[in-house]
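Asks: Questions regarding the structure given below will be posed in turn.
The values are calculated or read from the model by the stated rules, or taken from the named source; none is laboratory data. Worth saying up front: this structure is predicted, and the values here are computed from it rather than measured. Note that we place each Cβ from the backbone using ideal geometry, even for glycine, and neighbour counts take in every protein chain shown. Calculation scope for accessible area: heavy atoms of the full protein, side chains included, ligands and nucleic acids excluded. Shrake-Rupley method; radii C 1.70, N 1.55, O 1.52, S 1.80 Å.
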Amino acid sequence: MNTFMDTLSKKIMPFANKLGQNRYLTVLRDAFMLSFPLTMFGSIIVVITNLPFFNDATKTTLTQLLGNGQNATMSIMTVFVTFGIGYYLSNSYDVDGIFGGAVAFASFLILTPFMMTTDKGVAVSGVLSLDRLGAKGMFIGMIAAFIATEIYCRITKKGWQIKMPDGVPPAVAKSFAALIPSILTLTIFLAVQAAVTGLFHVNLHDVIYEIIQKPLVGLGGSLPATLIALFFVQLLWFFGLHGQIIVNSVMDPIWNTLMLENLEAYKAGHALPHIVTKPFMETFTVGLGGSGMTLAVVLLMAFVMKKKQYRDVGRLALAPAVFNVNEPVIFGFPIVLNATIFIPWLIAPLIVTAINYTVMAIGLVPAPTGVSVPWTVPIFFSGMLATNSVLGGILQLVDVVLVGLIWFPFIKLLDRQKDPLAN
Amino acid sequence: MAEKTIMLCCAAGMSTSLLVSKMQKAAEAQNLDVEIFATGASDADNQLEAKKIDCVLLGPQVRFMEGQFKEKLAPKGIGVEVIDMKAYGMMDGETVLKQALTLIG
């Protein structure tokens, strides 16, 4: 068993290290972090305007009054993400971030149609369709922002800048320095836009949406893809690496887009298109005591196990576990490199997630609406907030029991081992 | 101004903040003047610019960041190390404090 572990870890560690340090994935992560406080606010507003005990008339009035809370944050999330990518990527190249952010956002907008067709087929110009700044524009936004910022930074680094004499105020000097790189970058994008719309009579938003976003997001939201992602999260944690950070860096753009699409449908009163979304991943995996759904494990350790060492760690880990912080149990049990519990650690979240997915697919429990719930919100409350129904909270409690049942035989095995410290 | 400043870093600053309070208790018991705080990975650079930090300790689950930190901080003489796994899991403030002080030298 040990040599198997060794070869696995030798293959996984370098790969995980590379992923965790990759410049583009780090920038992407930071860009989503930028939008986080805003989407949090938007989510709170959506929850308030949809509380179950309000009647429909109240909900409509509230939505009219408070609707901008969501319009200005979650519905236009791509705005913040593109700016964030421009800012953080520029900073990583030691180029002034704020200009990079502005250029990235403007480049994205250059590729965006400034007109829309109403339901009756009337073409209105001089307007931006809101969905292009939200879920629909997410992938073109990310691609455009990365490419624009790369071009901008390379031109800047080549030194093709207007240099102002010393007496000029820094802000003015910086603005002039940014002039040539910005003009060149924006010209490139404008040329692309003109070519695509003039020669091919399509726009890049729709092209990217149909060819890249829809298939990728559809694939990423499927149960098999979700289970594969979860498998890697668990595997990485088993080797003591932060599974979420690493897998999130790849899956977040997809999960966030799924979340936005659900939220827009929810706002419009339509049926929710997706089950798997970012809130689904957080509330129904991490939200069950931490990654790997460890609340059940902590409870077993603290109250069921007999060996003092386990009881002590269990009690220590209990308070953080209520808030879904589980490093104490991951490193203290330890779960890391603990061959005996490798199997339940790996398969319990997979089984429970498959069950959760099925239960939501058949409509027993509503799927998460797309509202963002911080992963530190305690169990039961997070489930309720995420699905806007008490059933979401109850499902979480059922999940805890399931995890406990899967772990129980392995826990008993550990309890019976002669000297746990010898591991 | 504390004599020494120690920065702990993990994913979001949540799990390390638990460790911070334990380390501070251990420091008080030994009558040491240290400032200890926790930060998330994304905010670490800001903190490094804002404060004079004597050493950085990383949560074991983000040890893949060790390379990046060492590259940035070695020229400044600021030590970077990954916290011992067992000590981290048990939230052993005393052991981790000792690790930090040894690192500062």
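Asks: Quickly run through region A:262-290 and pick out the residues that are surrounded by 24 or more Cβ atoms within 10 Å (Cβ to Cβ) and either within 14 Å of chain B (Cβ to nearest Cβ) or part of a helix (DSSP H, G or I) (or both).
Replies: A:Asn262, A:Leu263, A:Lys278, A:Pro279, A:Phe280, A:Met281, A:Glu282, A:Thr283, A:Gly287, A:Leu288, A:Gly289, A:Gly290
Asks: May I pose another question? If we keep just the residues of region A:291-338 that are among the aromatic types (Phe, Trp, Tyr) and in contact (Cβ under 8 Å) with a residue 40 or more places away in the chain, which is nearest to B:Gly59 (Cα to Cα)?
Replies: The selected residue is A:Phe331.
Asks: May I ask you to say which residue of A:Val95, A:Val27, A:Val79 is more than 30 Å from B:Glu66 (Cα to Cα), aliphatic (A, V, I, L, M) and touching a residue at least 40 places away in the same chain (Cβ under 8 Å)?
Replies: Residue meeting the stated conditions: A:Val79.
Yes or no, residue by residue, for (1) under 19 Å from the mean Cα position of the chain (by Cα); (2) open to solvent by 60 Å² or more (accessible area, probe 1.4 Å); (3) modelled with pLDDT under 90:
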residue: A:Ala171; (1), (2), (3): no, yes, yes
residue: A:Lys174; (1), (2), (3): no, yes, yes
residue: A:Ala177; (1), (2), (3): no, no, yes
residue: A:Leu186; (1), (2), (3): no, no, no
residue: A:Gln193; (1), (2), (3): no, no, no
residue: A:Leu223; (1), (2), (3): yes, no, no
residue: A:Leu230; (1), (2), (3): yes, no, no
residue: A:Leu241; (1), (2), (3): yes, no, yes
residue: A:Leu260; (1), (2), (3): yes, no, no
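Asks: Looking at (1) open to solvent by less than 10 Å² (accessible area, probe 1.4 Å); (2) closer than 19 Å to A:Leu25 by Cα; (3) of a type in the set (S, T, N, Q), find the lone condition where A:Gln234 falls short.
Replies: Every listed condition holds for A:Gln234 apart from (2).
Asks: Let me ask something else about it. Within region A:219-261, restricting attention to residues that are among the small types (Gly, Ala, Ser) and within 14 Å of another protein chain (Cβ to nearest Cβ), which residue is nearest to A:Lys59 (Cα to Cα)?
Replies: By that ranking, first place goes to A:Ser249.
Asks: Is it true that some residue in region B:39-49 is away from chain A (no Cβ under 14 Å) and either in contact (Cβ under 8 Å) with a residue 60 or more places away in the chain or surrounded by fewer than 21 Cβ atoms within 10 Å (Cβ to Cβ) (or both)?
Replies: yes
Asks: Among the residues of region A:70-79, how many are closer than 19 Å to A:Leu186 by Cα and surrounded by fewer than 24 Cβ atoms within 10 Å (Cβ to Cβ)?
Replies: Here the count works out to 1.
Asks: Does region A:28-45 contain any residue that is part of a helix (DSSP H, G or I), modelled with pLDDT of 80 or more, over 18 Å from the mean Cα position of the chain (by Cα) and surrounded by fewer than 19 Cβ atoms within 10 Å (Cβ to Cβ)?
Replies: No, there is no match, as no residue in region A:28-45 is part of a helix (DSSP H, G or I), modelled with pLDDT of 80 or more, over 18 Å from the mean Cα position of the chain (by Cα) and surrounded by fewer than 19 Cβ atoms within 10 Å (Cβ to Cβ).
Asks: In the list B:Ala2, B:Ala12, which residue meets the criterion of being surrounded by fewer than 20 Cβ atoms within 10 Å (Cβ to Cβ), modelled with pLDDT under 85 and part of a loop (DSSP other than H, G, I, E, B)?
Replies: B:Ala2
Asks: While we're on this one: Out of region A:135-169, which residues are assigned to a helix (DSSP H, G or I) and surrounded by fewer than 16 Cβ atoms within 10 Å (Cβ to Cβ)?
Replies: If the condition is that a residue be assigned to a helix (DSSP H, G or I) and surrounded by fewer than 16 Cβ atoms within 10 Å (Cβ to Cβ), then A:Arg154, A:Lys157, A:Lys158 are the ones that fit.
Asks: Same structure again: Among (1) in contact (Cβ under 8 Å) with a residue 12 or more places away in the chain; (2) touching a strand residue (DSSP E or B) at 6+ places or on another chain (Cβ under 6 Å), where does A:Leu133 come up short?
Replies: Of everything listed in (1) in contact (Cβ under 8 Å) with a residue 12 or more places away in the chain; (2) touching a strand residue (DSSP E or B) at 6+ places or on another chain (Cβ under 6 Å), A:Leu133 misses just condition (2).
Asks: With respect to A:Ala348, is the statement that it is open to solvent by less than 30 Å² (accessible area, probe 1.4 Å), closer than 30 Å to A:Glu261 by Cα and away from chain B (no Cβ under 12 Å) true?
Replies: When the stated conditions are applied, A:Ala348 passes them.
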